[in-house]
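Before any comments, here is the structure.
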Amino acid sequence: MHWRCLNKLIDLTRPVVMGILNVTPDSFSDGDRYSSPGPALDRAAIMVAEGACIIDVGGESTRPGADAVPEAVELARVVPIIEGIARRWDVAISIDTSKPGVMAAATAAGACIVNDVYALRAAGARDFAAGAGVGVCLMHMQGEPRTMQHNPVYQDVVSDVIEFLRHERDACLAAGIAADAIVLDPGAGFGKGLEHNMSLLKELPRLVALGSPVLVGLSRKSFIGRVLGRTTDERLYGGLGLAALAVSMGARIVRTHDVAATRDAITMVSAVLQGPAS
Ligand code: 8Y7
């Protein structure tokens, strides 16, 4: 299994880590520590050294309650960082955005993946991805970040999420995006209560059965805090437990703030299930 991303073919025979690089002043767990190029590139260097396969660069916070950011602001945040990473390392770079203009500028700057919490539903997003040949991560979200955590309701959360992702994947295929460029993500915490997140993880094999590689983002999320009674910076061990569980159920990409720890955890799971890597 692989992920076709522009000029790169990412090998997913073994699970891989996507490291989070937020370059927003308001991101919920990195604060504004990486909003200028120096610290952001230092952070990227660490994640590359720790074995991140992909660096996910985001310039607009999607945390619950966050406000939208103008395109020019988002561009000014992400383009210099992407250029800096692409110049220094061979790592795959994804752009965490929903705006086609940002997708295009980020790709020109060196990104090869679009990670879109709106699953390319913005006008022009699918056409951009099809024309450029970038890899895409289609994530499920109910509602929009500003209001999504206000009492989310589903008929059957697992079936609803699977039907949404199947539908959006079909729309991408119809727009001309290659099947092996598409990755699916249940969108933990995006318009979901505790029980919704739990059900989606418990039933992850049903999402894996759709046949596209599955990405999960669980790192430091509030539902870990809800279960464990932990603050944001106390959620590492809980997140590692979930990453191991998700990979054992077939997830292939884990998006995380904690690259080294997550890589060790998922490498052990795959060593048991698939044999040690040679
Ligand atoms: C996810 C994500 C966030 C996720 C994908 C956070 C941008 C909130 N979460 N993208 N982005 N999947 N694909 O806690 O779960 O990192 S932002």
The answer for the per residue Cα convex hull volume of region 38-184, in Å³, is 122 Å³
With Cα springs under 10 Å, the Gaussian network model of the chain assigns the largest mean-square fluctuation among Ser222, Ser199, Ser61 to Ser199
Computed over all unlike Cα pairs, the Kirkwood hydrodynamic radius of region 171-278 in Å stands at 14.7 Å
By the rule of no other cysteine beta carbon under 4.7 Å, the lone cysteines of the chain are Cys53, Cys137, Cys172
Here the chain gives, from Cα atoms, an Rg and Dmax in Å of 17.1, 48
For region 65-118, Rg(Cα) over 2.2 N^0.38 Å is 1.10
Asserting the computed 222 nm helical MRE of the chain (DSSP H runs at least 4 long, -39500 (n - 2.57) per run, divided by residue count, to nearest 500) equals -13000 deg cm²/dmol
Quick calc, the chain, dipole around Cα centre from Cβ unit charges on Lys, Arg (+) and Asp, Glu (-), nearest 20 debye, gives 380 debye
The chain: longest segment with zero exposed trypsin sites (Lys or Arg not before Pro), where exposed means DSSP loop plus at most 14 other C-beta atoms within 10 Å, is residues 147-278
For the chain, whose charge dipole is built from +1 on Lys and Arg Cβ atoms and -1 on Asp and Glu Cβ atoms, the candidate among Gly238, Val269, Thr107 with its Cα farthest towards the positive end is Val269
Subtracting the Cα-Cα distance of Val272 and Ala209 from 0.36 nm times their residue separation yields 20.6 nm
Rounded to the nearest 0.05, FRET efficiency between Gln155 and Arg121 (Cβ-Cβ, R0 22 Å) equals 0.60
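Bear in mind that the values in this text are calculations on the coordinates, not laboratory data. None of the values given here were measured: they were computed from a predicted structure. Glycine gets a Cβ as well: all are built from the backbone with ideal geometry, and neighbour counts include every protein chain shown.
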